[in-house]
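**Q** Quick one: the structure is below, questions incoming.
The values are calculated or read from the model by the stated rules, or taken from the named source; none is laboratory data. This one's a predicted model, so the numbers in the text were calculated from it and none came from an experiment. Quick reminder, even Gly has a Cβ in these numbers, built from the backbone with ideal geometry, and neighbours come from all protein chains shown.
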Amino acid sequence: MTFSPALEERFAALLQKYPEGKTRSAVIPMLIYAQDEVGAITPELIEEVAKRCGVAPLQVDEVVGYYSMLHRKPLGKYHVQVCTNISCMLVGGEELYEHAKKKLGIGHKEVTADGQFSLEEVECMGACSWAPAVEINYDFHHFVTPEQLDKLIDGLKKAH
Amino acid sequence: MALYNEPSPLETRIVSKRFGLPNSASLDTYLATDGFVAFRKAREMAPEQIIEEVKASSLRGRGGAGFPTGLKWSFVPRTSPKPKYIIVNADESEPGTCKDRLLMEYDPHQLIEGILIASLAVDAHKGYIYIRGEYRYLIDMMDKAIAEAYAKGYLGKNIAGTGWDFDLYTHSGAGAYECGEETALLDSLEGKRGVPRMKPPFPAVAGAWASPTLLNNVETYSAVPYIIREGGKAFADLGTPKNGGTRLVCISGHVNKPGVYELPLGFPMMKAINEVAGGIPHGRKLKAVVPGGSSCPFLRAEECDIPMDYDTLAKLGSMLGSGGMVVMDETTDMVKVALRVMRFYAHESCGWCIPCREGTTWLRKILQRMVDGGGRREDVAMLGELSKNMLGRTFCALGDAAAMPTISIVEKFAEDFEKYIVPEAVLV
C-alpha cells in the first residue's frame with residue numbers, strides 16, 4: 001500500500017521511536033493514523049502494518065478487535081461522538097445523544113447514506129467539567145446544547 | 001488560550017500556576033517563570049536525595065491508586081544494567097476526570113521537567129507519554145512542546161548544558177479505559193491488547209519491554225518541579241500531615257460552576273461544592289457525591305461534611321481516586337446512575353478475568369431490566385451479592401472499580417430501588 005508523504009514520514013518516525021527491535025510498539029499508533037487516511041482498518045492495511053512492524057498479521061488483527069477507536073468499516077467523514085457517561089448524563093448527555101440520533105437519522109455506530117456523518121455513543125472522553133461534551137473527529141465541543149449541536153452539524157453540511 | 005473555566009480565588013495554584021498566562025505552553029514562558037530551576041538543582045543532587053525530597057513532600061499518585069510517589073521511585077533498581085524507562089500515564093479515562101488534559105495543554109514543559117527529574121532519580125534516558133487516542137490534539141501539542149524542547153536544548157543530548165541525555169516521545173492509545181491500569185498500559189505500549197499483567201514482577205523491576213520502569217500519572221510528574229525547587233516540606237505543608245500538597249479536583253455534575261480547581265489536600269468537601277463550584281443550581285439539595293472518579297464508592301450527602309484527604313476518605317470506605325468529583329442533586333435517580341456506570345464497566349472490561357467480564361455484564365443486565373420495568377424484589381440483594389463476589393478476584397482493579405460503586409449505591413440508596421420493584425415481575 002502507498003500512503004501520503006506526510007503519513008510515510010510519520011511511519012518512519014514511529015519505527016524509530018521505540019527501543020531497538022521493538023517495532024511491534026508502533027502497531028497501534030500506525031493503525032490509528034492510517035485509519036484517519038484510509039478511512040477504515042482494511043485487511044490490506046492490517047497486512048501492510050504487520051509487514052512494516054515485522055509482526056504476524058494476526059498480531060495486528062487481534063489489536064483491532066480490542067481498541068474502541070479502531071474500526072473495520074468506514075466511518076462518516078465527520079464522526080460525531082456523544083458522551084453519555086456519568087458527568088455528561090447528569091447535565092443532559094443522554095438527551096443530547098437522542099437528539100443527535102434524530103438529527104442525523106442514524107443510530108449508534110451507523111453512517112448516513114451519503115457517508116458524511118457517523119454517530120457513536122462514547123464513554124467518558126475527559127470533558128466532565130465542561131459537560132455535556134461532543135467530539136467530532138478529534139475536535140472537542142463543550143457545554144453542548146441540542147441547538148448548538150444542530151448548528152455544528154449544519155455548519156459541517158454547508159462546508160461540504 | 002482561553003481557560004475552560006474561570007479560576008476560583010479559593011485555589012492554591014501550584015501545578016496550575018501557569019494556567020491562563022499568555023503562551024503558557026511555550027518554553028519561553030516556562031523559562032521565565034521558574035522553568036528548569038528544579039532540573040538544574042536536581043542535577044546537583046544525588047539520586048537518593050531527589051527521592052528523599054519526593055518522599056518528604058508526601059506526594060501520592062494522582063492517577064487513582066494514591067501510592068506514595070517517593071516510595072515508588074525508590075523501587076526502581078537504578079544500578080540495573082538494563083535500560084530504564086520513564087512512562088507517563090496520560091490515558092485519562094476515569095469517568096469524572098479531566099485534569100491531565102489541562103496540564104498538557106497549558107503547561108507541557110512542567111511535565112517535561114518533572115519527567116527529566118524522575119530520569120535523574122532512576123537513571124533513565126528514554127521516556128514515553130502514553131496519551132489516550134481521543135486526546136489527539138494533546139498528542140499534537142505535546143509533540144510541539146517536545147520539538148521545542150529539543151530545539152532549545154532541553155531534551156536530547158547534554159540537556160541545558162548539564163551533560164544529561166534524555167529522549168522523550170509521545171505514544172497514542174486507541175480507545176480503551178483498561179489501558180489506564182499500569183500493566184495494561186505497558187502491554188498496549190508494546191503493541192498488544194491492553195490486558196493486565198500478573199504482579200509481581202512490578203513495573204519498577206520489569207515494566208516496559210521487561211526493563212525497570214517508572215510509571216506515574218501526568219499530575220504526579222507535574223508536581224515534581226515545585227517539590228525539588230521549593231523542597232518537599234514546602235509542598236507537604238500545603239496539605240495536611242500524611243496528605244501533602246495540592247491536587248487538581250475536577251468538579252462536575254450538578255454545580256453552578258463546574259471546573260478543574262487546584263485545592264490543598266484536606267480542603268472541606270462542602271466548601272468545594274458550595275463556594276469553589278458555586279453551589280447546586282435551582283436551590284436544590286445535595287444527594288450524593290462521587291469523590292474521585294466513578295470507581296469510588298459513592299457518598300451520601302450527610303457523609304460529605306469532611307476534609308478531602310486520602311485518610312478521611314479511606315475511613316469512609318471510599319477514595320480520593322483520580323480527583324474526579326461528581327456532584328448529584330436530590331433529583332438524581334441513583335438506579336439510573338448505577339446502570340450508566342455499569343454500562344461503562346461492562347463495555348470496558350477487557351474480558352481477561354471471568355468475575356469481571358461476567359459480573360459487569362450481569363450487573364448491567366439486571367439494572368437495565370429494572371429500569372425497563374421488570375424489577376424484582378430479589379434483584380437488590382442479587383446486585384449486592386454479585387458485586388461482592390467480584391471484589392479482589394481479578395488481576396487488576398477494574399473488577400473492584402465496577403463493584404465498589406454498585407455496592408455503595410445499593411447499600412446507601414436503597415430507597416431509590418423501591419420504585420423499580422414491580423410486584424408481578426417474578427422469576428418464572
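Okay, residues lined up against (1) free of Cβ contacts under 8 Å to residues at least 60 places away in the same chain; (2) over 22 Å from B:Ala184 (Cα atoms):
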residue	(1), (2)
B:Ala42	no, yes
B:Ile51	no, yes
B:Lys55	no, yes
B:Ser58	no, yes
B:Trp73	no, no
B:Ile86	no, no
B:Asp100	no, no
B:Tyr128	no, no
B:Arg132	yes, no
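**Q** Then there's this: Being at pLDDT below 95 and buried (at least 19 other Cβ atoms within 10 Å of the Cβ) is true for just one of B:Tyr310, B:Tyr261. Which residue is that? Please lay out each step first, then the result.
**A** Values: B:Tyr261 fails: at pLDDT below 95.
None of the other options fit; the residue is B:Tyr310.
**Q** Scan the stretch B:263-281 for residues that are in contact (Cβ under 8 Å) with a residue 24 or more places away in the chain, within 13 Å of chain A (Cβ to nearest Cβ) and out of contact with any Leu (no Cβ under 9 Å at 6 or more places or on another chain) and jot them down.
**A** Hits for the stretch B:263-281 are B:Ala277, B:Pro281.
**Q** Within the stretch B:187-216, track down each residue that is within 13 Å of chain A (Cβ to nearest Cβ) and not in a loop (DSSP other than H, G, I, E, B).
**A** Those that are within 13 Å of chain A (Cβ to nearest Cβ) and not in a loop (DSSP other than H, G, I, E, B): B:Asp187, B:Ser188, B:Leu189, B:Ala208, B:Trp209, B:Ala210, B:Thr213.
Conditions (1) charged (D, E, K, R); (2) modelled with pLDDT of 95 or more; (3) buried (at least 24 other Cβ atoms within 10 Å of the Cβ), marked per residue:
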site	(1), (2), (3)
B:Pro81	no, yes, no
B:Ile86	no, yes, yes
B:Arg101	yes, yes, yes
B:Ile112	no, yes, yes
B:Leu116	no, yes, yes
B:Asp123	yes, yes, no
B:Ile131	no, yes, yes
B:Leu138	no, yes, yes
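**Q** Further question: Hey, does the stretch B:108-115 have a residue that's in a loop (DSSP other than H, G, I, E, B) and either over 30 Å from A:Ile86 (Cα atoms) or of a type outside the set (Gly, Ala, Ser) (or both)? Lay out the reasoning, then the answer.
**A** Pass one, the stretch B:108-115, residues in a loop (DSSP other than H, G, I, E, B): none.
Scanning the stretch B:108-115, I find no residue that is in a loop (DSSP other than H, G, I, E, B) and either over 30 Å from A:Ile86 (Cα atoms) or of a type outside the set (Gly, Ala, Ser) (or both), so the answer is no.
**Q** Now for a different question. Restricting attention to the stretch B:151-167, does a residue exist that is surrounded by fewer than 20 Cβ atoms within 10 Å (Cβ to Cβ), touching a Lys or Arg at 6+ places or on another chain (Cβ under 6 Å) and assigned to a strand (DSSP E or B)?
**A** yes
**Q** Which of the residues that make up the stretch B:290-316 are of a type in the set (S, T, N, Q) and outside any loop (DSSP other than H, G, I, E, B)? Even if it seems obvious, please write down each step before you answer.
**A** Taking the stretch B:290-316 as the starting set, the residues that turn out to be of a type in the set (S, T, N, Q) are B:294-295, B:312.
Matches in the stretch B:290-316: B:Thr312 only.
**Q** Can you tell which of B:Ala338, B:Ala381 is without any contact (Cβ under 8 Å) to a residue 60 or more places away in the chain and of a type in the set (Gly, Ala, Ser)?
**A** Details: B:Ala338 fails: without any contact (Cβ under 8 Å) to a residue 60 or more places away in the chain.
From the options B:Ala338, B:Ala381, the qualifying one is B:Ala381.
**Q** Let me ask something else. Mind listing whichever residues of the stretch A:85-132 are of a type in the set (Phe, Trp, Tyr) and either more than 7 Å from every other protein chain (Cβ to nearest Cβ) or in contact with a helix residue (DSSP H, G or I) (Cβ under 7 Å, 6 or more places away or on another chain) (or both)?
**A** A:Tyr97, A:Phe117
**Q** Follow-up question, since we're still on this one. Mind checking whether some residue in the stretch B:22-36 is farther than 22 Å from B:Ala124 by Cα, assigned to a loop (DSSP other than H, G, I, E, B), under 26 Å from the mean Cα position of the chain (by Cα) and modelled with pLDDT under 95?
**A** no
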